[in-house]
Structure formats: C-alpha cells, structure tokens
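Read-outs throughout are calculated quantities, based only on the coordinates presented, and are distinct from any laboratory measurement. Fair warning: this is a prediction, and the values are worked out from it, not measured in the lab. Please note: Cβ atoms are built from the backbone with ideal geometry, for glycine as well, and neighbour counts cover all protein chains shown.
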Amino acid sequence: MAKRTSRKSRGIVITDLIALVLVILTFVGVFFVVYQHQSTQEALAKEGVVIHIEAKQWAFSPDEIVVKKGQKVTLVITSRDVTHGFMLSAFDINEVINPGSEVIVTFIPDKTGTFEFRCSVYCGEPWPGSGMGHWVMRGYLKVIEG
Amino acid sequence: MARFKYDLLKIPLLKKIVMSRSFQFIVIFPNFVVFIVLLASAFVGSPVGNHNLAVLVVWILWWAALMLVLTPLGGRLWCMICPMPAIGEWLQRKTFTRKNDKQLGLQRNWPKKLDNIWLQNFAFLIVSTFIGVLTTRPWATGIMLVLLVIILPTLFFLLFKRRVWCRYICPVSGFIGLYSMVAPIELRVKDREVCLKHAGKECYRGGPNAYGCPWYEFPQNLNRNAYCGLCMECVKACPLDNIALNIRIGGDDLYVEPWHGLKKKGLDEPFKAFIMSTLAIIYAYIFTGPYPWLKDVANIFNGETFSKNFIDNILMETLIPDRLLTFGGIVWFSTLVLMPTIFALFTLLSKALAGWRDTQSFKKMFINYSYMLVPLSLTAWMAFAIYILLINGTYILAAVSDPFNYGWDLLGTKHIPWTPIATGILPYIQGGIILLGLIWTINTIKNISKHMFDTRSRALRASLPMVILALLYTFLVLNIWLGPGVVPSG
C-alpha cells in the first residue's frame with residue numbers, strides 16, 4: 001500500500017515538473033522570438049547604412065537621402081497615419097506601407113544620380129481634385145560615388 | 001414530469017480525465033499559451049487595432065465564442081479553461097497539478113459584506129467605459145490583459161483563500177454566471193439526501209486528493225449554475241461518487257432561490273442583468289450604429305498616429321476628459337439608473353395589475369422579474385457577436401499569420417483582404433436570434449409569474465407589463481440591426 005502511494009506521489013511530482021517545464025517553455029519561447037527579431041534588426045543596422053523613413057500625409061521624412069554607390073542600404077519605412085506606398089522605380093522598389101507596420105527594403109545602389117521616390121498608394125488630398133496631397137508626396141535619393 | 005438529464009460522468013473516459021489531478025492544467029494550459037502570445041502581440045504587434053492579433057482575438061473571436069457557443073451551450077465552460085486565474089492559483093497552491101495543503105499567501109477570508117457580484121458589476125462597467133479605446137488600441141488591450149490575467153488575480157490569490165478573484169471580482173465572470181443559468185449543462189449532486197447524511201463534506205472542505213470548492217459553493221446546495229466554475233474539484237473530492245455533470249433540457253435556475261432558499265437573491269444579479277441588457281444596445285450603437293458622435297465620444301483618448309514602439313504609442317495618447325465624462329456618464333447612468341428605473345416602472349405596473357394587496361412585495365417582483373432579461377439580453381448579445389464575427393472575422397485570418405508584425409506569413413493568409421461574410425443572410429440570422437429570444441423571454445416571464453403567484457389569472461395580469469417591456473426591447477434591438485443605418489464596422 002505504502003509502495004503504491006509513493007509511486008502515485010512520484011507520478012504526480014513528475015506531472016508537476018512537466019507542467020513547470022511547459023510553462024517556462026511558453027515564456028521563454030515567446031521571449032526568444034521577440035528577442036531574435038530585435039537582434040536581427042540590430043545586426044542589420046550594423047551591416048550597412050540603415051535609414052528610417054516615416055511616411056505621413058503628405059510627406060516622407062526625411063525626403064532627401066544621400067547614400068554611397070556600392071554600399072548596402074537598408075530602408076526601414078513606416079507610416080504614421082494611413083496606408084502609403086513607397087516607390088523608388090530606379091531601383092525596382094515598390095512597397096505598401098501600412099500604418100504601424102515596418103517595411104524593410106535592402107538594396108545596393110549601382111548607379112549614381114538623383115532619383116525620385118514617391119507615394120504609390122493614394123493617401124488622400126486636402127480637397128478633391130486639388131492635385132495636392134498624395135500627388136505631391138515625394139522625396140529624393142541621391143547616390144554619390146563611394 | 002421529470003426533465004431530461006444525462007450525467008456525462010457516466011462516460012468512463014470522461015470520468016477518468018476529470019478525476020485526474022492534471023485535468024485543470026491540461027484544459028487551461030493551451031489557453032495560457034494563447035494568452036502569452038496575445039500579450040506579446042499586444043505590445044510588439046501592429047499598433048493598428050484591426051491588424052493586431054490581441055485586439056482581434058479578444059474583442060471579436062473570444063467575445064463571439066463566449067456569447068454564441070461557450071456560455072449558452074457550456075455555461076461556465078470558459079471558467080473551466082480560463083487562463084486568467086492560472087498564474088495566481090499555481091502560486092497560491094505552490095503546484096500545478098498536486099493537492100497541497102500548505103498554500104502560499106495570507107489566506108484571508110473574503111468579507112461577508114462582499115458576498116455578491118457588485119464588484120464584478122463595477123469591474124465590467126469600468127472595462128466598458130474604456131471599450132472604445134480597448135477595441136482600437138493594442139497597447140490598451142495589452143495593459144488590460146496584464147492587469148486582468150497577471151497582476152490583479154495574482155494579488156487576490158495571494159491575499160485571500162480559494163478563487164476569490166473568479167467568484168467576486170473578475171469582470172467577465174459576472175455575466176458568464178448570469179447567462180450560464182440557461183445553459184443545457186449543470187453540475188449537481190446526484191442525491192441530496194446522501195449529502196445531507198454525510199458528515200465529511202469533502203466537496204467544500206477538501207479531501208485527500210482534492211481542494212474544497214474554490215468558488216465557495218456547497219455542492220449539496222447547488223440549484224443554480226451561477227457560481228459553479230466547473231473546475232471539477234468536487235467530483236474528485238466526493239468519496240460517495242455523488243456528483244453529476246448533467247446535460248439537461250430546461251432548468252429552474254432563473255426561478256429558484258439560491259442554495260434551496262438558504263440564500264436570498266439580492267439586487268446584485270438584477271443589476272448585472274440591467275447592465276448587460278443596456279450595454280448590448282450601447283455596444284451595438286458604438287460599433288455599428290449610424291451615430292458617429294457616439295463612436296467619437298467612446299474614443300476617450302486622442303491618439304491619431306502610430307509608431308512601431310508601443311511606449312511611443314502610449315505617450316502619443318492624451319486623455320480627453322470631456323469624452324471620458326460623457327461616455328462614462330452614458331454607460332454608468334444608462335445601466336445603473338435609466339434601465340433600472342424603466343424596469344421599476346414596469347414592475348409597478350405589474351404589481352398594480354396583480355393587485356396591490358398581493359403578498360408579493362415590489363422588491364421581490366422587481367428582483368424576480370429581472371431574470372427575464374437573461375434570455376432577452378443574451379440573444380441581443382448573440383446578434384451583436386455574430387455580426388462582429390462575420391463582418392470582421394477575416395481580419396483575424398490575416399493577423400494570425402503575422403502575430404508580431406514581423407513581416408511573417410505563417411499560414412499564407414496574411415494578404416486576405418477584409419471580406420465581410422454572409423452579409424446577405426446576416427440580418428435574417430440576427431432577426432431569427434432576436435425573435436427566438438423574445439419567445440424564450442415570454443416563456444421565462446410565464447415561469448417566473450407561475451413561481452410567484454398562486455392563481456393563474458394573477459400571474460397572467462402581472463406578466464402583461466413585462467411582456468410589453470420585452471416587446472419594446474426586442475423592437476429596439478431589431479431596429480438597430482435590421483433598421484436603416486447599420487454600417488459595417490471595419
């Protein structure tokens with residue numbers, strides 16, 4: 001009888017241990033995913049030049065960027081208000097920027113010059129048919145010799 | 001005629017699972033994992049409400065599941081699997097699965113004066129005051145989750161004995177308890193006489209392998225579902241195998257005095273019914289109604305921009321005191337003053353028709369008839385829940401594929417556009433639910449009257465104003481959903 005009881009209590013201790021491991025794994029797992037992402041972001045920043053661009057009605061900030069030819073460029077683009085687009089056709093880039101999301105674009109500029117980037121998703125205008133607002137939301141990327 | 005009942009614990013496998021000390025952990029843990037993911041999502045995920053998994057799961061999926069399935073069919077089934085008390089209870093018991101008599105914390109008794117659900121009523125009103133912010137700001141949902149799942153329950157578990165949090169404070173528990181009374185499932189003793197003759201009372205005091213009822217219920221006196229959390233401790237504790245988990249058709253929960261008359265119904269449950277029936281209308285107007293000013297006023301914070309960092313998102317917000325006072329005023333006044341006053345007037349009319357000299361006091365009629373609002377408001381909430389689920393449910397499919405806003409597409413559903421579902425038949429489904437609620441309510445009124453009055457004619461006369469009130473409420477809810485002006489909330 002005593003043997004059966006001790007076997008039973010041993011079994012219960014093991015289930016408690018398994019439960020503890022599962023709970024710890026849950027916390028650690030979620031923390032690890034979040035931490036891993038942050039680390040990747042930081043590593044990206046160390047690798048080359050990282051430029052944060054914020055889109056808002058109706059401007060990019062900054063709206064003028066200077067980078068060197070041949071240098072890896074990472075653009076981290078966010079929106080403050082509504083959905084915008086980021087189109088840099090000279091380097092085949094066209095992304096949708098949802099508010100709150102972070103769009104990361106990495107490229108190596110292989111030509112020098114001044115290139116226009118603009119909003120490619122209609123994001124409104126001060127009054128209908130004004131030709132302002134979205135239609136003039138643009139910025140410039142200047143690529144200079146490295 | 002005896003009502004149909006079938007004891008699910010007659011199924012050997014189910015009985016074996018329930019008898020296991022690991023049962024509670026097994027049913028809570030999956031929800032606990034989901035909660036941790038949601039918590040992370042609330043803080044690191046998209047700051048936009050309709051792209052954030054925490055907001056979408058809590059305010060659309062979970063709410064719809066509670067109102068459409070879990071509560072009307074399972075009673076307090078959610079309480080059985082709820083992760084809110086998990087951390088606190090694990091700490092209090094110092095174990096996940098074992099029976100441990102030496103518990104952590106101060107182990108205080110809950111004050112007798114607070115043996116009611118008034119705190120739950122106020123807790124729900126506080127949450128409702130902030131509903132415009134909670135449903136649109138992930139950081140707000142995140143803070144709410146931290147408070148309601150980690151900090152407050154843990155505090156109460158370490159201060160008091162048993163599940164004081166669930167029984168007296170949790171804002172969700174109050175209405176689940178109210179609606180669980182119409183559920184087709186009940187935990188009851190098989191034979192009350194057996195309990196009355198048995199001195200051990202392990203179901204309340206605890207046994208060698210089980211805790212005494214964490215919800216402060218005494219199974220031998222259970223005659224309503226309201227405060228039985230279906231934790232199954234009493235099933236494990238009972239040495240006489242006298243506890244049944246019945247599937248039932250019908251039930252007397254709404255008509256009987258608690259604990260076979262050993263306890264008396266107070267005003268706390270009727271006010272919960274007033275709160276729920278009023279908020280079913282206010283929520284419908286906020287989320288779908290043709291009154292933009294109400295949406296604006298419910299939005300008591302003034303944050304119009306988004307940042308990737310959740311702390312920035314909070315810092316960008318400023319409280320608008322005017323809106324807080326106006327919307328808070330609407331919520332608290334309509335639920336605690338307006339609705340009870342209207343109900344009191346109809347009760348007066350009912351008393352007048354039944355006869356002023358009738359033995360039933362106004363207070364007793366006021367309390368007893370308030371339970372007619374249970375099916376009436378439950379079906380109003382079901383109409384609301386099915387609307388938000390079908391109209392906004394596709395947001396969840398997109399958000400679940402990238403819960404932390406890291407650019408993932410785990411399920412390949414990230415780019416599913418917002419697509420309202422079944423919009424053509426939705427008003428008919430809602431109309432059907434609401435009309436079914438009316439029939440159910442009229443039947444409830446009939447039964448309440450039958451339990452209160454000795455003659456049929458008196459019962460009939462007393463019922464009349466209540467039926468008119470139910471008709472007016474139904475007309476209002478039908479008008480919200482089927483009348484002009486319902487706008488998709490996406």
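Dipole magnitude for the protein assembly as shown: about 3640 debye, using +1 per Lys or Arg Cβ and -1 per Asp or Glu Cβ, origin at the Cα centre.
Oblate is the label for chain B. Its Cα gyration tensor axes, ordered a ≥ b ≥ c, give a/c of at least 1.5 and b/c at or above a/b.
Between B:Ile151 and B:Leu349, the simple spin-label model (points 7 angstrom out along Cα→Cβ) gives 4.6 nm.
Every helix of 4 or more DSSP H residues in chain B counts as -39500 (n - 2.57), and over all residues that averages to -16500 deg cm²/dmol at 222 nm.
Among the trypsin sites (Lys or Arg not before Pro) within the stretch B:223-309, those in coil by DSSP and having at most 11 neighbouring Cβ atoms inside 10 Å are B:Lys264. Is the protein assembly as shown rounded, prolate or oblate when judged by the Cα gyration tensor, a ≥ b ≥ c being the square roots of its eigenvalues, rounded requiring a/c under 1.5 and prolate requiring a/b larger than b/c? Since a/c reaches 1.5 but b/c is at least a/b, the shape of the protein assembly as shown is classed as oblate. Counting neighbouring Cβ atoms within 10 Å and putting the fewest first, the residues B:Trp165, B:Trp259 line up as B:Trp259, B:Trp165. For the pair the stretch B:23-80 and the stretch A:13-42, the centres of their Cα atoms are 20 angstrom apart. Evaluating 6.51 cos²θ - 1.76 cosθ + 1.60 at θ = phi - 60° for every residue in the stretch B:319-330, the Karplus couplings come out as 5, 9, x, 4, 5, 4, 5, 5, 5, x, x, 4 Hz, glycine and proline recorded as x. For A:Val49, the residues whose amide H sits under 5 Å from its own are A:Lys72, A:Thr74, ignoring neighbours fewer than 5 places away on the same chain, with H placed 1.01 Å from N. Distance between the 7 Å Cα→Cβ label points at B:Arg456 and B:Val69: 4.3 nm.
Amide H contacts for A:Ser79 (H built 1.01 Å from N in the peptide plane; partners 5 or more residues away or on another chain; cut-off under 5 Å): A:Ala55, A:Gly100, A:Ser101. Pick out, in residue order, every one of the GluC sites (Glu not before Pro) in the stretch B:212-314 that is DSSP loop and has at most 10 other C-beta atoms within 10 Å; say none if there are none. Loop-located and lightly packed - B:Glu304.
You can think of it this way: the chain between B:Asp241 and B:Arg357 has 37.0 nm of extra reach, that is 0.36 nm per residue less the Cα-Cα gap.
Oblate is the label for the stretch B:152-191, because a/c, from the alpha-carbon gyration tensor with a ≥ b ≥ c as root eigenvalues, is 1.5 or above and a/b does not exceed b/c. Backbone geometry of the stretch A:73-87 corresponds, through the Karplus equation with coefficients 6.51, -1.76 and 1.60 at θ = phi - 60°, to 3J(HN,Hα) couplings of 10, 10, 9, 10, 10, 10, 10, 8, 10, 10, 6, 10, x, 10, 10 Hz, x marking Gly and Pro. With the simple spin-label model, which puts each label point 7 Å out from Cα in the Cβ direction, the A:Lys142 to A:Leu17 separation comes to 6.7 nm. Cysteines in chain B lacking any other cysteine Cβ under 4.7 Å from their own Cβ: B:Cys79, B:Cys82, B:Cys166, B:Cys170, B:Cys195, B:Cys213, B:Cys228, B:Cys231, B:Cys238. Counting neighbouring beta carbons within 10 Å and listing from fewest to most, the residues B:Val189, B:Val374 come out as B:Val189, B:Val374. Scalar couplings 3J(HN,Hα) for the stretch B:186-193, obtained by applying the Karplus form with A = 6.51, B = -1.76, C = 1.60 to θ = phi - 60°, are 8, 9, 9, 7, 6, 9, 5, 4 Hz; x denotes Gly and Pro. Just checking the listed ones, A:Val82, A:Val73, A:Val50: in the Gaussian network model of chain A with Cα springs under 10 Å, the one fluctuating most is A:Val82. Taking amide H as placed 1.01 Å from N in the peptide plane, the amide H of B:Gly206 sits under 5 Å from that of B:Gly212, B:Cys213, each at least 5 places away or on another chain.
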